[in-house]
Amino acid sequence: MAKHSVAISKKKWPLMLLAFLSVSTVTVLFIRNNSDSCNTKIFEAEKSQIHSGGGGYGGNVVSGVSPLDFMKSKVVLMVSHELSLSGGPLLLMELAFLLRGVGSEVVWVTNQYPDERDQVIYSLESKMLDRGVQVMPAKGEKAVDTALKADLVILNTAVAGKWLDAVLKEKVTLVLPKVLWWIHEMRGHYFKVEYVKHLPFVAGAMIDSHTTAEYWKNRTRERLGIKMPETYVVHLGNSKELMEVAEDSVAKRVLREHVRESLGVRNDDLLFAIINSVSRGKGQDLFLRAFHESLQLIQEKKLQLPSLHAIVVGSDMNAQTKFEMELRKFVTEKKIQDRIHFVNKTLAVSPYLASIDVLVQNSQARGECFGRITIEAMAFRLPVLGTAAGGTVEIVVNGTTGLLHPANKVGVTPLAHNIVKLATHVEKRLTMGKKGYERVKERFLEHHMSQRIAVVLKEVLEKAKHS
């Protein structure tokens with residue numbers, strides 16, 4: 001099995017540190033439909049273009065004023081269902097840092113910890129404390145008092161709804177009018193009354209894509225008989241740190257060399273990557289099947305191409321789950337161990353994005369709620385092969401910034417053909433990467449996120465004030 005870490009020479013340490021510390025990293029598209037019981041709002045990014053000078057990424061660069069400045073001195077309580085390397089907690093942390101940057105008092109509580117706190121939890125809590133975010137226990141009088149005095153309470157994910165009754169008890173009705181509920185889930189098992197019974201009474205819900213917002217509107221009505229609150233569709237944006245690495249050609253070259261050397265992949269080889277926590281819903285199994293099929297197609301057609309490799313970033317080498325063992329067994333059975341590389345899950349996606357040629361976003365069923373890694377890859381001028389489902393279809397322009405294929409087993413062969421297509425047509429691959437980068441610059445940067453999230457927070461604060 002290939003090495004799972006990247007060696008860093010002392011001379012290159014500062015540059016590498018910048019890239020490795022960039023955290024894996026919202027277009028609010030507002031349409032009011034008066035006949036819609038969900039009352040979803042969408043802020044039209046295309047019609048409200050945001051300009052920045054000097055190539056900067058933060059807020060209003062010309063005036064030096066952040067659109068979130070009105071949050072200065074505001075007390076914000078953030079409730080996360082867990083603290084891990086998964087998308088939900090990391091997104092909430094990013095918002096916490098943006099708010100700390102404008103002088104908000106941010107308090108973080110994690111509703112559920114594992115029996116033993118691991119190095120990941122310790123590292124993430126330390127990162128928050130270093131940035132001035134207060135971390136406190138989720139239960140007890142201090143948490144209740146903070147919720148009561150806070151100007152805004154942000155619940156992160158549907159599961160965090162359990163915290164409301166468990167901690168606030170009879171005081172829950174005093175807090176609901178100032179709650180913004182940030183929802184990322186796309187799976188049916190999250191629609192439980194004990195999770196979301198308070199959803200109709202909060203100030204607003206913030207959801208990562210139109211597809212997910214529509215899904216929640218329909219499922220809550222049909223399955224639970226409840227109505228969504230005012231809902232804001234909020235696409236994610238890339239962090240400044242990630243963009244700095246993505247636009248630094250020297251940093252990318254160094255990272256590419258180091259990662260490929262550690263994997264045993266040559267510079268001219270074509271490297272396809274899937275970067276998600278390893279689970280059946282993320283589709284690593286179907287990707288490996290498609291990759292194997294693409295190798296067969298290349299052999300059958302006798303195509304003269306560089307050697308193709310695939311990297312699966314998001315393993316948990318300690319857990320050794322049944323699903324991951326299935327992946328490794330498939331690789332062994334097909335005798336493609338020299339082509340497939342497994343890497344542990346990590347906060348630092350920049351080194352891998354710098355080292356690959358194509359990203360595969362292969363989430364199954366309803367797809368990704370949004371899929372942050374997609375816009376991160378596009379920032380690195382990478383074409384994306386994605387499932388035609390969920391938030392991916394709101395990011396990837398099929399045929400322009402990447403190629404889409406059906407979800408589930410029927411998508412294996414189309415994905416295999418798309419792999420061969422991009423492996424064969426160098427110019428198409430490079431052009432798609434360039435178009436993807438331009439799309440990121442137009443709508444998926446941090447200053448876009450700051451502008452649009454500000455609209456949501458202003459409305460929620462106004463509602464809380466008059467409740």
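Among the listed pairs Lys142/Lys169; Lys197/Lys217; Lys74/Lys217; Lys72/Lys149; Lys197/Lys458, which are separated by more than 21 Å between their Cα atoms? Cα-Cα > 21 Å for Lys74/Lys217; Lys197/Lys458; rest within. A straight Cα-to-Cα reach below 25 Å connects Lys434 with the lysines Lys47, Lys240, Lys252, Lys421, residues fewer than 8 places away in its own chain not being considered. Computed over protein heavy atoms with a 1.4 Å probe, the carbon and sulfur contribution to the accessible area of the chain reaches 51%.
What the Cβ-Cβ distance of Glu116 and Ser249 gives, at R0 = 41 Å and to the nearest 0.05, is a FRET efficiency of 0.45.
Each stretch of four or more DSSP H residues adds -39500 (n - 2.57); spread over every residue of the chain, this sum gives -11500 deg cm²/dmol at 222 nm. The slack in the chain from Arg219 to Lys149, taken as 0.36 nm per residue of separation less the alpha-carbon distance, amounts to 21.9 nm. Quick one: Cα centre-to-centre distance for region 166-190 and region 387-422, in angstrom? For region 166-190 versus region 387-422, the Cα centre distance is 35 Å.
For region 168-176, putting each phi into the Karplus relation 6.51 cos²θ - 1.76 cosθ + 1.60 with θ = phi - 60° gives couplings of 7, 6, 5, 8, 4, 5, 6, 9, 3 Hz, in residue order, rounded to whole numbers and with x for Gly and Pro. For the pair Phe201 and Leu303, a Förster radius of 41 Å applied to the C-beta separation gives a FRET efficiency near 0.10, rounded to the nearest 0.05. Calculated on C-alpha atoms, the gyration radius of the chain divided by its Kirkwood radius gives an Rg/Rh of 0.96. As a calculated quantity, the FRET efficiency between Ala365 and Val65 at R0 = 45 Å, using C-beta atoms, amounts to about 0.60. Its relative contact order, with pairs defined as Cα atoms under 8 Å and 6+ residues apart, puts region 168-259 at 25 percent.
The share of C-alpha pairs in region 355-467 whose separation exceeds 19 Å stands at 49 percent.
Counted residue by residue at 0.36 nm each, then reduced by the alpha carbon distance between them, the extension gain from Ser279 to Lys192 reaches 29.1 nm.
Between Val397 and Lys139, the simple spin-label model (points 7 angstrom out along Cα→Cβ) gives 5.2 nm. Principal axis analysis of the Cα atoms in region 79-175 yields extents of 35, 34, 22 Å, listed in decreasing size. Each semi-axis of the equivalent ellipsoid for region 90-144 is √(5λ) with λ an eigenvalue of the Cα gyration tensor; in descending order they amount to 19, 15, 9 Å. Taking amide H as placed 1.01 Å from N in the peptide plane, Gly402 has its amide H under 5 Å from the amide H of Val384, Val397, each at least 5 places away in sequence or on another chain. Taking label points 7 Å from Cα along the Cα-to-Cβ direction, Asn408 and Gln296 give a separation of 2.1 nm.
Each residue of region 203-209 was assigned a 3J(HN,Hα) from its phi angle through the Karplus curve 6.51 cos²θ - 1.76 cosθ + 1.60 (θ = phi - 60°); the sequence is 5, x, 10, 10, 10, 7, 7 Hz, with glycine and proline shown as x.
Structural descriptor for region 291-443: relative contact order 22 percent, calculated from alpha carbon pairs under 8 angstrom and at least 6 residues apart. Amide H contacts of Ile340: Ala310, each under 5 Å away and 5 or more positions distant or on a separate chain (H built 1.01 Å from N in the peptide plane; Pro and chain starts excluded).
Would you mind checking which residues have amide H under 5 Å from Ala150's amide H? H placed 1.01 Å from N; only 5 or more apart, or other chain. Distant-sequence amide H within range of Ala150: zero hits.
Remark: relative contact order (region 127-206) = 30 percent; criterion is Cα-Cα distance under 8 angstrom and separation of 6 or more residues. Applying a threshold of 21 Å to the alpha-carbon distances of Lys162/Lys463; Lys329/Lys409; Lys301/Lys334; Lys139/Lys465 flags Lys162/Lys463; Lys139/Lys465 as lying beyond it.
The values are calculated or read from the model by the stated rules, or taken from the named source; none is laboratory data. Treat the numbers as computed from the prediction; the structure is a model and nothing was measured. Ideal geometry is used to build each Cβ from the backbone, glycine not excepted, and the neighbour counts take in all protein chains shown. Just the protein is used for accessible areas: all its heavy atoms, side chains included, with ligands, DNA and RNA removed. Shrake-Rupley method; radii C 1.70, N 1.55, O 1.52, S 1.80 Å.
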